[in-house]
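Undergrad: Quick one: the structure is below, questions incoming.
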Amino acid sequence: MTWPAIALFLVLAGVVDVLAMALWYACSWPRSQILGRALVRGPAKGKRIALTFDDGPLAPFTEQILDVLKSRGVHATFFVCGKNAEAHSEIIRRIHREGHTLGNHTWSHPYLYFLSRRKMAEEIDKTQEAIRAAAGQVPRLFRPPYGARWFGLHPVLRKRGMELVQWSLDPHDWQLDAQGVLARVRADMHPGAVILLHDGRQAPGGYLRRLLKKGLPAGDHESSTTGHSATVEALPALIDEARKEGFEFVPVEDFLLL
Ligand SMILES: [Zn+2]
């Protein structure tokens, strides 16, 4: 190889690297606005925060969370998966009845990477229909599984008048115990926080692991009978401590009105 060829190779490798990093940022970074508008957090002024729960509904956790929210008069947003909504339509009705917001979190919880626009629309529309059938209401909010977006998603949402909602505070409730969750919330709390929690459970593993195990139902929810959840355990203290600090819980869609 001659020196000019080596130099050209290095430049091209650098360009490919930069493009790969830009693609990763656009599609995978929760706060990225490159592919389209995403609500990440509310205003820094004031002390309003919002609770969001993903992946449910799943008994008994969603019901336990609803009990805690009811006892403390807090309204939250539930980004539900369509197939769970269809299986637990009575919980969907309860979420709606008790004044919480229902959001769309796709039908089967796939990574949206490399999915066609048609497939993404199908995941969204089937879920809208399952929620409408259960609660008589069609969601306006969408949260992509893992916060991962892909080309064509934003036009699909725009066509349906839907808004994409990410988060600004992730206490890793799918990974930590209740004390760990509370510690992270205390450390990362900020005005306008959109807090990401889970009332459902997904099979663990990153994109590549999922890809290699394609035969398995990706994003399937573990049907746990232990009745134990770090999220449920941490939630009462999370709410009480935040209020003591002067924070007020508002529905996440309030942040879209600004
Ligand atoms: Zn999810």
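Rule-based calculations on the coordinates, nothing more; no lab input. Treat the numbers as computed from the prediction; the structure is a model and nothing was measured. Neighbour counts run over all protein chains shown; Cβ positions are idealised from the backbone, glycine included.
Undergrad: Using a 10 Å cut-off around each Cβ, can you sort 1, 21, 162 from fewest to most neighbouring Cβ atoms?
TA: In increasing order of surrounding Cβ atoms, one gets 1, 21, 162.
Undergrad: Same structure, new question: Given region 40-256, what percent of its DSSP beta bridges are antiparallel, to the nearest 5?
TA: Antiparallel bridges: around 5 percent, rounded to the nearest 5.
Undergrad: So for each of 138-147, 174-183 I average, over its residues, the number of other beta carbons within 10 Å; can you give me the resulting order with the highest mean first?
TA: 138-147, 174-183
Undergrad: Starting from the Cα gyration tensor of region 40-256, take the square roots of the eigenvalues, sort them a ≥ b ≥ c, and report rounded, prolate or oblate (rounded when a/c is under 1.5, otherwise prolate if a/b is larger than b/c, else oblate).
TA: rounded
Undergrad: Quick check: the distance between the Cα centres of region 160-193 and region 1-53, to the nearest angstrom?
TA: If you average the Cα positions of each part, the centres end up 21 Å apart.
Undergrad: Moving on. How far is helix 230-244 tilted, in degrees, relative to the longest principal axis of the Cα atoms in the chain, given as a value from 0 to 90 rounded to the nearest 10?
TA: Helix 230-244 sits at roughly 80 degrees to that axis.
Undergrad: Let me ask something else about it. With point charges of +1 on the Cβ of Lys and Arg and -1 on the Cβ of Asp and Glu, referenced to the Cα centre of the chain, which listed residue (2, 124, 234) lies farthest in the positive direction of the dipole?
TA: 2
Undergrad: Please order 55, 199 by the number of other Cβ within 10 Å, starting at the fewest.
TA: 55, 199
Undergrad: For n ≥ 4 DSSP H runs only, could you compute -39500 (n - 2.57) per run for the chain, divide by its residues and tell me the 222 nm figure to the nearest 500?
TA: So the helix-based figure for the chain works out to -13500 deg cm²/dmol.
Undergrad: To continue, here is another question. Just how large is the dipole of region 40-256 about the Cα centre, in debye to the nearest 20, putting +1 at every Lys and Arg Cβ and -1 at every Asp and Glu Cβ?
TA: Approximately 840 debye in magnitude.
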